[in-house]
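S.K.: Let me give you the structure first, and then I'll get to my questions.
Read-outs throughout are calculated quantities, based only on the coordinates presented, and are distinct from any laboratory measurement. All of these numbers come straight from a predicted model, not from anything done at the bench. Positions of Cβ are backbone-derived with ideal geometry, glycine not excepted, and every protein chain shown enters the neighbour counts.
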Amino acid sequence: MRINRKRLEESMEALGRIGATLKGGLHRVALTDDDRRGRDLLVRWMREAGLTVTVDQMGNIFGQRPGGDGRPPVLMGSHADSVPTGGKYDGQLGVLCALETIRSLNDRKIETRHPVAMAIFTNEEGARFQPAMIGSGVMAGKIPLEDAYNARDRDGLRLGDELERIGYLGPEPCLPRPLRAYLELHIEQGPILEEEHLPVGVVEGIVAIAWSRLTLTGVQDHAGPTPMRIRHDALVAAAEIIRGVREIPRKIGGDMVSTVGRLDVAPNIPNAIPGRVSMSIDLRAPDEHHITRGLGLVDRLVKEAARAEGVTYELEHYWRVPRTRFALEVVDAIEAAVRSLGCGHRRILSGAGHDAQYMAAICPTGMIFVPSRGGRSHCEEEFTPMDDIEHGANTLLLAASTLAGAP
Ligand code: GLV
Ligand code: MN
Ligand code: MN
């Protein structure tokens, strides 16, 4: 039993046209009109594949294949939103491989003991509304629904309102449901599989993640007549902090990484001393304790930089996802599937967050990685060769079939 490579490739091309960028990437940010158009196309394809489609209160879309009545389904999925000027593989590849798995089961009229289903989770990227993985987070009971609805984008628009506006505020309760397993295929977004010439990664778990937001308030003043000795420049304090955040992984050791990815400067003009700066701080590490120590270093760093420049600050450590270990049963099923295909593979840890991280809290969960060219992701250059995608998709098909009890 194998997937239909040509059909998968055609679906990737068709979905990739919605929000396509001139440089071959994807700009389909959560709950925008392009997100709606992408969702609409996926829902049409899901219905054409005979799935019963439902939408929950978070806009998560589910499609269930008939059969295996009464038993908990094997759910496959990922997300269809992208980061701004992102790539065509992060998220939508997992959704399309889930759909292709179902289409392939349909081709052969395979009856499974457990139903097979697919999911498209809302706002996985956390680019527009923070935090990331918000749809699966609410479903897993880790984020209150009201908090998710009240998340606001840069323009002050509410997630709940935007969900309604694009027509995906569904009626189904967004709650944990009985599931046989959750499987997610995703690009690696790092360099390991490509470096080792392996088409498939059997993901064992995901690093711990912590997100903080910091606002520094100095004194906005004229860039000319204000002598250096009386300035309180929020951007100068921010620069110290950005440099310091970069040093944290070196101080802590292990495989920790740190990023300041977002910076908002006010008034952001050439001739005023910046009065206000907001930034994001993202810490990740395989070892949970390293995150705790890293956040302690952030606290100290911010306090010292703010004092040195005479600015005030508000620092909030608002989101944390623990180190996740996937269920051995699912990891083993994925490994058995890839082994039966006879293609190269290795076990691997994910440095990116995924909906699977929250799903692991409610059911046996596992992930399949395919390589990322140059390790690049969250950029328009994202690329995975079709041969590798085919191996990954076949691994998903076989693992899902086994877990669902296909004959
Ligand atoms: C999601 O893409 C994340 O890892 O931030
Ligand atoms: Mn993703
Ligand atoms: Mn992503």
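S.K.: Treat every Asp and Glu Cβ in the chain as -1 and every Lys and Arg Cβ as +1, leave all other atoms uncharged, and give the resulting dipole magnitude about the Cα centre to the nearest 20 debye.
M.R.: That gives a dipole near 240 debye.
S.K.: Can you tell me the 0 to 90 degree angle between the C-alpha axis of helix 386-404 and the longest principal axis of the chain, rounded to 10?
M.R.: 70 degrees
S.K.: A further question on this structure: Could you give each residue of region 177-187 its phi-based ³J(HN,Hα) in whole Hz, using Karplus coefficients 6.51, -1.76, 1.60 with θ = phi - 60°, and x for Gly or Pro?
M.R.: Per residue, the Karplus-derived 3J(HN,Hα) values read 10, x, 9, 5, 5, 10, 10, 9, 8, 8, 6 Hz.
S.K.: With N set to the number of residues, divide the alpha-carbon radius of gyration of region 107-226 by 2.2 N^0.38 Å and report two decimals.
M.R.: So region 107-226 has a normalised radius of gyration of 1.53.
S.K.: Give me log10 I(q)/I(0) at q = 0.12, 0.13 Å⁻¹ for the chain, Debye formula, one equal scatterer per alpha-carbon, no solvent.
M.R.: These q points yield log10 I(q)/I(0) values of -0.93, -1.07.
S.K.: Angle check, please: helix 288-309 long axis (alpha carbons) against the longest principal axis of the chain (alpha carbons), in degrees 0 to 90, nearest 10.
M.R.: Roughly 30 degrees, rounded to the nearest 10.
S.K.: Right, something else. Could you sort the peptides 62-73, 146-157, 261-272 by per-residue average Cβ neighbour count (10 Å cutoff), highest mean leading?
M.R.: 62-73, 146-157, 261-272
S.K.: Oh, and also: Let's see if you can work this out: charge +1 on each Lys and Arg Cβ, -1 on each Asp and Glu Cβ, no other charges. What is the dipole magnitude of region 264-376 about its Cα centre, in debye to the nearest 20?
M.R.: 360 debye
S.K.: Going by average Cβ neighbours within 10 Å, how do the peptides 225-237, 124-136, 380-392, 96-108 rank, with the highest at the top? Before the final figure, lay out the partial values.
M.R.: Working: 225-237: 15.2, 124-136: 24.8, 380-392: 19.7, 96-108: 22.8.
In decreasing order of mean packing, 225-237, 124-136, 380-392, 96-108 become 124-136, 96-108, 380-392, 225-237.
S.K.: Which residue fluctuates the most in the chain, going by a Gaussian network model with Cα springs under 10 Å, if the choices are HIS186, HIS197, HIS79?
M.R.: Answer for the Gaussian network model of the chain: HIS197.
S.K.: Quick one: which residues, 5+ away or cross-chain, put their amide H under 5 Å from the amide H of ILE143? H built at 1.01 Å from N.
M.R.: Correct list: VAL138.
S.K.: Okay, next question. Would you check the chain for Lys pairs whose C-alpha atoms are within less than 24 Å, ignoring same-chain pairs closer than 8 in sequence, and give me the count?
M.R.: 5
S.K.: What ranking do 323-333, 43-53 get when scored by the average of other Cβ atoms within 10 Å per residue, highest first?
M.R.: 323-333, 43-53
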